[in-house]
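Asker: Can you read through this structure? Questions will come right after.
Quick note: the coordinates plus some simple rules give every number you see, no bench work behind them. Just so you know, these numbers come straight off a predicted model, no measurement behind them. When we count neighbours, we look across all protein chains shown, and the Cβ atoms used for this are built from the backbone with ideal geometry, even at glycine.
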């Protein structure tokens with residue numbers, strides 16, 4: 001059968017294949033103008049040749065795409081993804097990966113001239129440091145995280161935190177009572193002296209009754225006198241024949257402190273650092 005007739009017959013019947021095997025052959029020929037015109041003119045293809053498909057080299061319409069280096073380093077990404085050729089249309093599509101930020105501090109946008117992908121960040125390459133002396137709370141920075149040491153209360157220390165503050169307090173052994181402690185001194189007039197403790201929260205007003213007799217009055221009467229203990233030490237100046245300091249009466253509104261000689265006569269000027277203690281029990 002004439003090969004040209006066969007080809008024309010296949011063309012008319014639309015007998016096309018979508019894939020060529022490596023050993024299939026393709027007819028090649030040089031297209032030239034015929035030497036003669038008319039019905040008897042020769043076929044305008046000369047120098048007819050055959051070539052196998054596997055040997056056919058045609059200049060590519062596109063180049064291969066790849067990332068460099070072809071084996072990416074650890075913790076790195078690549079832009080080129082794949083090249084896809086549609087089997088029906090033979091249309092070639094090259095796919096690239098899109099950049100995306102996973103951090104709220106990093107944004108990506110195309111530049112105004114559309115030539116660049118611009119990265120901007122609201123974070124700063126900052127760090128921290130301890131200042132002054134003593135133990136520091138700064139530890140290190142990992143990525144975008146600043147790490148600080150936690151405060152851990154030791155013995156007899158308590159810590160409480162609010163939204164903006166941390167309060168550090170010293171704790172003591174709780175006593176079963178509240179107290180008022182004062183050092184009494186008296187030369188003339190009413191006793192005076194420093195108040196060493198007032199966890200009871202009371203206020204005392206002193207008045208002079210007679211020689212060696214001093215009246216203490218609470219600003220607010222106590223609720224239960226049976227829950228109150230009042231005492232005053234005998235730490236005084238030395239008087240002729242000795243001196244006795246005592247609490248002679250204790251009541252809801254106050255108490256009396258007296259200083260006498262050994263004969264029981266009241267004497268002024270004998271209180272020198274006498275310890276007055278009032279305990280109020282629950």
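Asker: If I take R0 = 30 Å and measure r between the Cβ atoms of residue 68 and residue 119 in this structure, what FRET efficiency does the formula 1/(1 + (r/R0)^6) give, to the nearest 0.05?
Answerer: 0.90
Asker: Ok, one more. To check my understanding: the extent here is largest minus smallest coordinate of the Cα atoms along each principal axis. What are those three numbers for the chain, in Å, largest first?
Answerer: Largest first, the chain extends 170, 39, 36 Å along its Cα principal axes.
Asker: What does the C-alpha gyration tensor say about the overall shape of the stretch 178-280? Classify as rounded when a/c is under 1.5, otherwise prolate if a/b is larger than b/c, or oblate.
Answerer: Prolate, since a/c reaches 1.5 and a/b exceeds b/c.
Asker: Hey, another quick one. Full-extension gain between residue 127 and residue 96, please, as 0.36 nm times their residue separation minus the C-alpha to C-alpha distance.
Answerer: 7.5 nm
Asker: OK, next. For residue 233 and residue 2, compute 0.36 nm times the residue count separating them, minus their Cα-Cα distance, and round to one decimal in nm.
Answerer: Once the chain is fully extended between residue 233 and residue 2, it gains 68.9 nm.
Asker: Give me the extension gain from residue 23 to residue 104: residue separation times 0.36 nm, minus the current Cα-Cα distance, reported in nm with one decimal.
Answerer: Between residue 23 and residue 104, full extension yields an extra 23.3 nm.
Asker: Per the Kirkwood treatment, what hydrodynamic radius in Å, one decimal, follows for the stretch 112-160 from the mean inverse distance over all distinct Cα pairs?
Answerer: 15.0
Asker: Next question. Give the angle, between 0 and 90 degrees and rounded to the nearest 10, that separates the Cα long axis of helix 3-12 from the longest principal axis of the Cα atoms of the chain.
Answerer: Result, in degrees: 50.
Asker: With just the Cα atoms defining each centre, how far is the stretch 156-194 from the stretch 99-139? Give it in Å.
Answerer: Cα centroid to Cα centroid, the span is 50 Å.
Asker: Under a point spin-label approximation (7 Å from Cα along Cα-to-Cβ), what is the residue 53-residue 190 distance to one decimal in nm?
Answerer: The modelled label-to-label distance comes out at 12.1 nm.
Asker: Can you compute the FRET efficiency between residue 281 and residue 248 using 1/(1 + (r/R0)^6), with r the Cβ-Cβ distance and R0 = 35 Å? Round to the nearest 0.05.
Answerer: Plugging the Cβ-Cβ distance into 1/(1 + (r/R0)^6) gives 0.95.
Asker: Then there's this: Determine, for each peptide in 250-257, 224-231, 15-22, 48-55, the mean count of other beta carbons within 10 angstrom over its residues, then list the peptides with the highest first.
Answerer: 250-257, 224-231, 48-55, 15-22
Asker: Would you mind getting me the FRET efficiency between residue 206 and residue 152? Use the beta-carbon distance for r and R0 = 35 Å, nearest 0.05.
Answerer: Calculated transfer efficiency: 0.15.
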